[in-house]
Amino acid sequence: MGSRLLFRQARIGGPRNGRSWLSSFHHLSRSLHSLPFATVNAEEISGSRPAEVENFVQGNWTKSKNSNEILDPLNGEPFIKVAEVDETEIQPFVESLSKCPKHGLHNPFKAPERYLLYGDISAKAAHMLAQPKVSDFFTRLIQRVAPKSYQQAFGEVYVTQKFLENFSGDQVRFLARSFGVPGNHLGQQSHGFRWPYGPVAIITPFNFPLEIPVLQLMGALYMGNKPVVKVDSKVSIVMEQMMRLLHHCGLPVEDVDFINSDGKTMNRLLLEANPRMTLFTGSSRVAEKLATDLKGQIKLEDAGFDWKVLGPDVQEVDYVAWVCDQDAYACSGQKCSAQSILFMHENWSKSSLISKMRNLAERRKLEDLTIGPVLTFTTGQMLDHMSSLLCIPGSKLLFGGEPLENHSIPHIYGALKPTAVYVPIDEILKEENFELVTREIFGPFQIVTEYKDDQLPKILDALERMHAHLTAAVVSNDPLFLQEVIGKTVNGTTYAGLRARTTGAPQNHWFGPAGDPRGAGIGTPEAIKLVWSCHREIIYDFGPLPKHWEVPPPT
């Protein structure tokens with residue numbers, strides 16, 4: 001009961017467009033039955049009224065022999081039963097993928113009307129997500145399984161809705177735009193086409209349970225592939241409900257399979273079904289294992305120890321402090337783009353930046369989920385990491401470093417106040433410290449350090465040595481400084497300028513790593529074409545033959 005009250009307070013704390021969600025709450029609850037696709041009510045899911053999540057294969061919703069009980073991240077009660085497939089139950093999924101040929105469900109020469117179909121599906125789904133009662137439904141459902149503030153959860157729904165809007169109408173077929181090049185003689189032309197892989201797989205994490213799987217799923221479908229989708233079971237109820245919405249909007253039931261399983265079972269499915277391409281978003285450790293198991297037939301958007309460099313020009317301290325707080329601690333730091341380390345020029349350390357960051361961090365509270373459960377690290381693991389860092393000479397705790405108080409978050413999850421630890425730059429660069437300092441803690445935790453003008457090469461050395469190159473921010477309006485840092489770094493999504501941030505994966509720009517040929521992007525036409533299609537060249541050579549052509553001598 002306590003978690004439901006806390007959830008209700010957190011949801012009410014996020015008004016949109018000046019509208020009071022408190023005043024409309026009872027209306028929305030009464031009208032849930034009017035959502036033609038929904039099978040759950042986010043407000044009612046609890047230990048006494050658990051929700052159920054099914055699988056979808058070969059056009060049918062199915063259960064399984066076993067169910068995995070998901071604990072409420074706010075009070076530890078089992079509140080969702082997920083029908084998890086085990087290794088003895090994967091055959092229907094293997095058979096379903098095997099029915100899809102390598103040339104896909106559609107391509108520029110086969111069933112081109114399906115490009116138009118998916119433009120229509122996207123338009124209908126975008127229209128539904130734009131309805132307040134539907135967007136509120138998904139926002140609240142996200143909050144129940146991946147607790148974050150109402151505004152942060154709603155942002156995920158908004159980006160998904162705008163993405164679907166972007167690929168309405170003719171935009172899907174424009175993804176398959178070809179080009180032609182004149183040949184060597186009359187009747188010869190070469191044409192380049194974007195070609196599907198056919199059977200594919202999508203594996204996505206817990207932290208964005210709607211945005212990541214939907215954007216990658218739709219990209220795969222637009223290009224003509226048949227995906228099997230696996231979302232982390234802790235949050236898969238969100239995507240299950242979205243699948244039902246997509247079916248309502250005209251998604252052919254045979255086009256997508258949806259599976260719940262543990263990692264071992266999913267690995268077995270991939271090896272037996274042999275999808276032509278797998279998209280994996282998640283931890284670097286799992287990514288590397290899959291890359292080996294699947295012989296490189298994979299695209300990765302894995303972990304990111306994301307950095308922010310504050311240049312020498314100090315201005316708008318209040319704004320920069322606010323962005324630093326949002327980057328490091330929104331969603332309790334559980335974003336692959338979260339600010340993991342802050343390199344501040346000594347001019348910034350002389351300002352009020354750190355004290356303002358501390359004040360902003362202390363505003364965050366569990367009641368409105370501006371700070372909340374950490375689903376992949378326990379409190380003890382995060383505190384142990386902090387203790388190890390504080391053993392480094394010159395290190396100190398800037399703020400935080402204490403467990404959250406007065407909560408019922410289960411011990412399997414973490415509950416930590418927003419935390420920042422200062423480590424001297426020279427100590428960071430030491431071989432014995434670098435791996436420890438640059439370990440990604442997927443929670444409200446960041447490293448802060450300081451540098452002088454003549455130490456910029458040391459900062460660039462640290463950035464070069466990092467292995468994950470997802471997002472970055474260079475906060476400066478000095479064009480020469482920006483040129484120096486951007487030119488000697490590689491992160492795939494880099495913000496530059498006074499308003500630079502590390503977080504943000506809207507639908508209007510590429511989001512993904514760089515520096516790795518396996519890197520996957522999300523959101524844009526370029527990302528969709530890179531991840532979900534390959535290049536095929538067709539060379540037309542019709543003739544005619546030259547007059548008086550004769551068989552030439554052998555060569």
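Brief remarks on what is shown
- Put simply, the amide H of Phe445, placed in the peptide plane, has neighbours under 5 Å in Thr419, leaving out anything fewer than 5 places away on its chain.
- Sparsely packed chymotrypsin sites (Phe, Trp or Tyr not before Pro) within the stretch 454-551, loop by DSSP, other Cβ within 10 Å at most 14: Phe542, Trp549
- From most to least packed by mean Cβ count within 10 Å, the peptides 400-407, 262-269, 136-143, 152-159 give 136-143, 152-159, 262-269, 400-407.
- The solvent-accessible area of Glu288, taken with every protein chain present and a 1.4 Å probe, is close to 80 Å².
- On a per residue basis, the chain carries 41 Å² of accessible surface, using protein heavy atoms and a 1.4 Å probe.
- Distance from the stretch 368-430 to the stretch 140-218 (C-alpha centre basis), Å: 36 Å
- Lys/Arg +1, Asp/Glu -1 at C-beta; the stretch 307-496 dipole; positive extreme among Gln326, Tyr422, Ala472: Gln326
- The stretch 307-496, accessible surface, carbon-and-sulfur percent (1.4 angstrom probe): 50 percent
- For the residue pairs Lys356/Lys417; Lys102/Lys230; Lys65/Lys264; Lys226/Lys529; Lys264/Lys417; Lys350/Lys396, the alpha carbons lie more than 23 Å apart in Lys264/Lys417.
- Dipole in debye (nearest 20) - the chain, about Cα centre, beta carbon charges: Lys, Arg +1; Asp, Glu -1: 1280 debye
- Cβ-based charge dipole, the stretch 73-206, positive-most Cα from His185, Ser168, Ala83: His185
- Under 5 Å between amide hydrogens, built in the peptide plane, is the criterion, and for Ala201 it picks out Val228, Met277, Thr278, Leu279 among residues at least 5 positions away or on other chains.
- Ellipticity estimate at 222 nm from DSSP helix runs (n ≥ 4, -39,500 (n - 2.57)) divided over the chain, nearest 500: -11000 deg cm²/dmol
- The candidate values were (i) 54.1; (ii) 26.3; (iii) 30.4; the one computed from these coordinates for mean projected area of the Cα convex hull in nm² carries the label (iii).
- Size of charge dipole - the stretch 50-100 - debye, nearest 20, with Cβ of Lys, Arg +1 and Asp, Glu -1, no other charges: 220 debye
- Anisotropy class of the stretch 80-239 from Cα gyration tensor, a/c 1.5 cut: oblate
- In Hz, Karplus ³J(HN,Hα) per residue of the stretch 503-520 (6.51, -1.76, 1.60; θ = phi - 60°; x = Gly, Pro): 8, x, 10, x, 7, 9, 9, 4, 10, x, x, 10, x, 9, x, 8, x, 10
- Using Cβ point charges alone (K and R +1, D and E -1), the dipole size of the stretch 404-444 about the Cα centre works out to roughly 260 debye.
The values are calculated or read from the model by the stated rules, or taken from the named source; none is laboratory data. For clarity, every value in this text was computed on a predicted model and none was experimentally measured. Counting neighbours? That spans all protein chains shown, and the Cβs are built from the backbone with ideal geometry, glycine included. Only protein heavy atoms, including side chains, enter the accessible area calculation; ligands, DNA and RNA are left aside. Shrake-Rupley method; radii C 1.70, N 1.55, O 1.52, S 1.80 Å.
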